[in-house]
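The values are calculated or read from the model by the stated rules, or taken from the named source; none is laboratory data. Remember, it's a predicted structure, so these values are computed and weren't measured experimentally. Cβ atoms come from the backbone with ideal geometry, glycine included; neighbour counts cover every protein chain shown. Side chains are part of the model used for accessible areas, which takes the heavy atoms of the whole protein and leaves out ligands, DNA and RNA. Shrake-Rupley method; radii C 1.70, N 1.55, O 1.52, S 1.80 Å.
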Amino acid sequence: MLLTITTTHQPATDLGFLLHKHPEKAQRFELSAGTAHVFYPRAGEAECTAALLVEIDPIALVRKRNGQPDGLTQYVNDRPYAAGSQLAVALRAVYSTAMTGRCQQRPELAESAIPLRIRVPALSASGGLDLTRRLFEPLGWQVSGTPAPLDPEFPDWGESRYLDLTLTGKLRLADALRQLYVLLPALDGGKHYWVSQDEADKLLRAGENWLAGHPERELITSRYLVHRKPYIGYALSRLAEIDGPNTAEVEDPLAEPRVTEAPEQPQPLAVQRQGSVLAALRAAGARRVLDLGCGGGALLRVLMAEPSFTEIVGLDVSTRALDAAERRLKLDRLPEHARDRIRLRQSALTYADPSLAGYDAAVLMEVIEHLEPERLPALEHAVFAVAHPRTVVVTTPNSEYNVRFDGLPSGTFRHHDHRFEWTRAQFRDWAAGVADRHGYQVRYLPVGVDDPEVGPPTQLAVFEVNA
Ligand code: SAH
């Protein structure tokens, strides 16, 4: 299968910088189901074309699936030739940096809309040219496509589902790649991989800036997620919120939501978590709030946007995290009255600090799992006995949910710095003990899709001081 990207922006060879692939080199990338090649059939000042050629190995595909052979169709099918979800996988593997829109050599060009022509000579399009238009035209593309006949020798048999597609438009290259990443599988309709929350999050990240406003967003979401209802519901409800202020924070649209994720880099699930924490704080009527283990300040920013919080303190042991928070919040540029509302402090949460007493609420968002279990009693003492706010909100991963993350080997944690991840029972056990020892009531809430079998991806507990 083949996809070519052409620009006439001059000098056209700058396309090589945007794609992070040198026009004079032919490169090869191994994929789990085959090999991708990138090369430039044309690289002139006036026009430059980058080609992505993907060779799928149908045998490897079958082996990967580990299934029982079900006859010849398993091996003889359109997968090696027709551009669909496998091409999207290749796009992501080969052009992941380009998709983020980062480009050190040509930062302004990466931000600019440039003339683009994208050709996919054999696109698997269930829904045909009509649906292809409905998906691409609202994004500013001109769509032209020729359906391939089922068999050129028998014109009466009519048309196949395959199109020779050309898209022409003036767009940011990163946007174009992200649109293809989502729309190729949506058109294909036969996504080859297991759909999980992870896939829903990938969709949201790749769809950032364009999917929420797309007139066909429900159809795209539903097809991309292969009609899996809980994930569609999750994605659509996130899309409904996504025009809000948080979307600009998603820095790397395609970063894996696990293991390599810096906790400061909010992902859609992280954004949802912030929303749940905020709701709990509002419900408690909190005004003076501690964000304990505030990291890069994602929650602080949300809290800053709510005038009802009159005093906000972010505390973290890591100076690096606090520097990041300071930059994110642009503290140096705040007017004085706003500056007075927020303070950042470096301290360890295992340190009993009487100056933390007297606050309405404290948040420990995705923090406890970063401490060695034997340090938890010290944290418990510092937070629940010494600081003793009226309300404490704690979130932590639900380890039962990990089986739903594609590619997270069983027994591994979501983040390399996690010291433990608890099941729902383990978390409740700890929380009930804490509440009991320090005079709190505790209730539990799910964050993210509450999977009937394994529960939600994040678990949240709200502690309230006994009346
Ligand atoms: N609450 C933030 C960050 C979570 S990552 C968010 O949800 O985005 C966990 C944070 O806890 C890190 O920033 C880490 O530096 C901090 N942390 C870990 N152990 C700590 C300790 N003992 N005292 C204070 N902060 C700690």
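What to note about this one:
- With the gyration tensor restricted to C-alpha atoms of the range 84-238, the semi-axes of the equivalent ellipsoid amount to 25, 21, 14 Å, longest first.
- Counting only heavy atoms of the protein chains and using a 1.4 Å probe, M304 has close to 30 Å² of accessible surface.
- Sorting D360, D450 by accessible area puts them as D450, D360; the probe is 1.4 Å, largest comes first, and only protein heavy atoms count.
- Hydrodynamic radius by Kirkwood, which averages 1/r over all alpha carbon pairs of the range 329-467, in angstrom: 16.5
- Solvent exposure of the chain as accessible area per residue, Å², 1.4 Å probe: 44
- In the chain, the longest principal axis of the Cα atoms and the axis of helix 173-188 are about 70 degrees apart.
- Zero-based 10 Å bins, Cα pair distances in the range 309-396, whole percents: 15, 47, 31, 6, 0
- When you work out D = kT/(6 pi eta Rh) for the range 130-221 at 25 °C and 0.890 mPa s, using the Kirkwood radius from C-alpha pairs as Rh and the Stokes-Einstein form, the result is 168 µm²/s.
- The apolar share of the surface of the range 137-208, taken as the fraction of accessible area on carbon and sulfur atoms (1.4 Å probe, ligands and nucleic acids excluded), comes to 52 percent.
- Measure of compaction for the range 349-431 (Cα Rg per 2.2 N^0.38 Å): 1.21
- The convex hull of the Cα atoms of the chain, projected and averaged over all directions, covers 25.0 nm².
- Overall Cα dimensions of the range 334-380 - principal axes, largest extent first, Å: 42, 22, 19
- Legend: residue pairs K170/K229; K25/K170; K25/K330; K21/K170; K21/K202, Cα-Cα distance threshold 31 Å; pairs beyond threshold, K170/K229; K25/K330.
- Considering only Cα atoms, the convex hull volume of the range 257-409 works out to 118 Å³ per residue.
- Each Cα pair under 8 Å and six or more residues apart adds its separation to the average, and for the chain the resulting relative contact order is 10 percent.
- Under Karplus coefficients 6.51, -1.76 and 1.60, residue-wise ³J(HN,Hα) of the range 293-298 in Hz, glycine/proline x: x, 6, x, x, x, 4
- Computed [θ] at 222 nm, deg cm²/dmol, the chain (DSSP H ≥ 4; -39,500 (n - 2.57); rounded to nearest 500): -9000 deg cm²/dmol
- The range 362-467, accessible surface, carbon-and-sulfur percent (1.4 angstrom probe): 52
- Accessible area in the full protein assembly, largest first, 1.4 Å probe, for E45, E421: E45, E421
- Each DSSP beta bridge with both residues in the chain is either parallel or antiparallel, and the antiparallel ones are about 70%.
- With both labels modelled 7 Å from their Cα along Cα-to-Cβ, the E372 to R287 distance reads 4.2 nm.
- Taking amide hydrogens as placed 1.01 Å from N in the peptide plane, the amide H of S160 sits under 5 Å from those of A148, L150, each at least 5 positions away in sequence or on another chain.
- Helix 268-284 vs. the chain, principal-axis angle (Cα, 0 to 90°, nearest 10): 30
- Surface accessible to a 1.4 Å probe, I56 within the full protein complex, Å²: 20
- For the range 402-464, Kirkwood radius (reciprocal of mean inverse C-alpha pair distance, Å): 13.1
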